[in-house]
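**Student:** Before I ask anything, let me first share the structure, which is written out below as structure tokens.
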Amino acid sequence: MRAQVSDRRAHAGRAGAAKGAGFTLVELLIVIGVIVLLMAIAATVGASVLSGGKADSTRNVIRMLEGLLNDATQQTGSLPDPAVADPRDPTKLLPIADARNMDAPNSSGSQMINSVGLFLRQTTGGDPSKLKSLDSKFLKLFTPYDATNAARAEAVPEMNTVVDPWGNPVRFVHPNFSGTFYGPDALNPSDPRTGVSVTELIRGTQASAYAFEIIRRNNQNTAVPAATDADKADSDGGICPGGQPYFYSAGKDGDPSTTDDNVYTVEPKFAKPN
């Protein structure tokens, strides 16, 4: 009898030990849930760190461009001109504007003026070797135009420009072209998308001096909905602080008008929306 009781106790002990050594379905689900949560937290933190690292890299790139700007200002005793000679035709000028070129149509919808590329042409002659401390991955040939329109006389030609770690061109804002301007369409005054003439922004010059004349910066504060690429904002709309030029990156989303993720070393001012 005692032997039978001992056997039952031993069997119950082994069963309890086996039960204690395993997991119930609920416990497994809890463990899996915790692992998934930890992985999500790690991914979020990793993305934040990576984004922060790219923003820091962008600021370093911008500081190099600011160094070029300071050198050019010291050499001439004044700010760089708001335009530079067109390499295809030295008798024509290209406005160095962080804006949209409304004279050169583009089937892909992008008419962005390569402001940093034009600035580099003005300060370095377009020679990338003069940016000795810049990592080559931040320098590339760039044109915003499709193949059909890139050859047009009104288009800014392909040239070296500086890009941010997200691959988007860094932008340069000259005080002659800061703030927002878009101008009404003469045929449809209620539509402000057409743009304004460069000669309205640079006094004392003739329209014939420019390879293109009509530019726009920018459409973001108008009542026109951004239904297509052609209607989207053209820039951050910033106003040069103290009348001094500034550089910026459109950030991770590549949209300059969403200023929450734009990267600056010098914060511009922004006009209050109407």
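The values are calculated or read from the model by the stated rules, or taken from the named source; none is laboratory data. Source: prediction; values computed, not measured. All Cβ positions, even for glycine, are placed from backbone atoms using ideal geometry, and neighbour counts span all protein chains on display.
**Student:** Here is a list: 101, 168, 160, 106. Which entry is surrounded by 20 or more Cβ atoms within 10 Å (Cβ to Cβ) and under 30 Å from residue 243 (Cβ atoms)?
**Tutor:** 101
**Student:** Given (1) at pLDDT 80 or above; (2) out of contact with any Ser or Thr (no Cβ under 8 Å at 6 or more places or on another chain); (3) part of a helix (DSSP H, G or I), where does residue 78 come up short, assuming only one miss?
**Tutor:** Evaluating residue 78 over (1) at pLDDT 80 or above; (2) out of contact with any Ser or Thr (no Cβ under 8 Å at 6 or more places or on another chain); (3) part of a helix (DSSP H, G or I) leaves (3) as the failure.
**Student:** In addition: For region 148-164, give me each residue that is of a type in the set (A, V, I, L, M, F, W, C) and within 21 Å of the chain's Cα centre (by Cα).
**Tutor:** The answer is 155, 156, 159, 162, 163.
**Student:** Test residue 254 against the stated conditions and say whether it is modelled with pLDDT under 90 and more than 22 Å from residue 81 (Cβ to Cβ).
**Tutor:** yes
**Student:** Okay, moving on. Would you pick out the residues in region 134-149 that are surrounded by fewer than 18 Cβ atoms within 10 Å (Cβ to Cβ) and farther than 23 Å from residue 124 by Cα?
**Tutor:** 146, 147, 148, listed by residue number.
**Student:** Within region 81-92, identify whether any single residue is under 24 Å from the mean Cα position of the chain (by Cα) and assigned to a strand (DSSP E or B), and answer yes or no.
**Tutor:** yes
**Student:** Separate question: Residue under question is residue 70, and the condition is that it be surrounded by 11 or more Cβ atoms within 10 Å (Cβ to Cβ), free of Cβ contacts under 8 Å to residues at least 40 places away in the same chain and in a helix (DSSP H, G or I); does it hold?
**Tutor:** Answer is no for this residue.
**Student:** Another question about this same structure. In this structure, does residue 39 turn out to be surrounded by 10 or more Cβ atoms within 10 Å (Cβ to Cβ), modelled with pLDDT under 90 and touching a strand residue (DSSP E or B) at 6+ places or on another chain (Cβ under 6 Å)?
**Tutor:** no
**Student:** When the residues of region 124-176 are filtered to those that are of a type in the set (Val, Ile, Thr) and not in a loop (DSSP other than H, G, I, E, B), which remaining residue is nearest to residue 215 (Cα to Cα)?
**Tutor:** 173
**Student:** Check 183, 204, 243 and return the single one that is modelled with pLDDT under 85, surrounded by fewer than 16 Cβ atoms within 10 Å (Cβ to Cβ) and on the phi > 0 side of the Ramachandran plot.
**Tutor:** 204
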